[in-house]
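Structure first, then comments.
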Amino acid sequence: MKFFLLALALLASVSAQAQQLQYEGTAAPAEPLEQYFAAEDQNYNKSIIYVFYDNDACDDCPQTIDLIEQIYNRYYQDQYSLFVIDYQNDDEYNFIETYNLHLPLSVVLVRINDGATFGFEKLDDLPNRISDPESFTTYFRFRVNSFLGNNG
């Protein structure tokens, strides 16, 4: 009986720890990344815009994320996928090492072609550019269009 209770307690703790990484922000649908990647036919050829943030002090990060979501909704929502992810809670995907994340906010553009990843580009300087939203928008669109293709 003790073994059964111990096994039940262990199972409960493991299932509580197996939280799925969720989309965050207004531009992303409310489904786990696993479901996104499982929908292979729908997302097979869609490049990805990741917005990674952590909980370190960053006065301009919320405003920067909001503007990125507005730009995405206006120009890119049909061409690319957007994920806004708190990378400090990444226990499963290893984003920190893969993209060398260490700043409070980084955007990573991942080029997908024929279902395979063909490189990424990291933008770390975006919070420093938020003081001029028009210039920020021009710069962000230039970087996205240059790396992922001119679709917007």
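Kindly identify the stretch 79-152 as rounded, prolate or oblate by the Cα gyration tensor criterion: order the square roots of the eigenvalues as a ≥ b ≥ c, call it rounded if a/c is under 1.5, otherwise compare a/b with b/c, prolate if a/b is larger, else oblate. Oblate. Taking every alpha-carbon pair under 8 Å whose residues sit at least 6 apart, the stretch 63-152 reaches a relative contact order of 28 percent. With θ taken as phi - 60° and the Karplus curve 6.51 cos²θ - 1.76 cosθ + 1.60 applied, the whole-hertz 3J(HN,Hα) list for the stretch 121-128 is 9, 9, 10, 9, 9, 5, x, 6 Hz, x standing for glycine and proline. Amide H to amide H distances under 5 Å link G149 with no residue, where only residues 5 or more positions off or on other chains count and H is placed in the peptide plane. Just to confirm the filter: which GluC sites (Glu not before Pro) across the stretch 60-152 are DSSP coil and have at most 16 other Cβ within 10 angstrom of their Cβ? Those that pass, being in a loop and sparsely packed, are E92.
The numbers here are math on the coordinates, done by the rules we state, and not lab data. The model shown is predicted, which means the values in this text are computed figures rather than measured ones. Note that each Cβ is placed from the backbone with ideal geometry, even for glycine, and that neighbours are counted across all protein chains shown.
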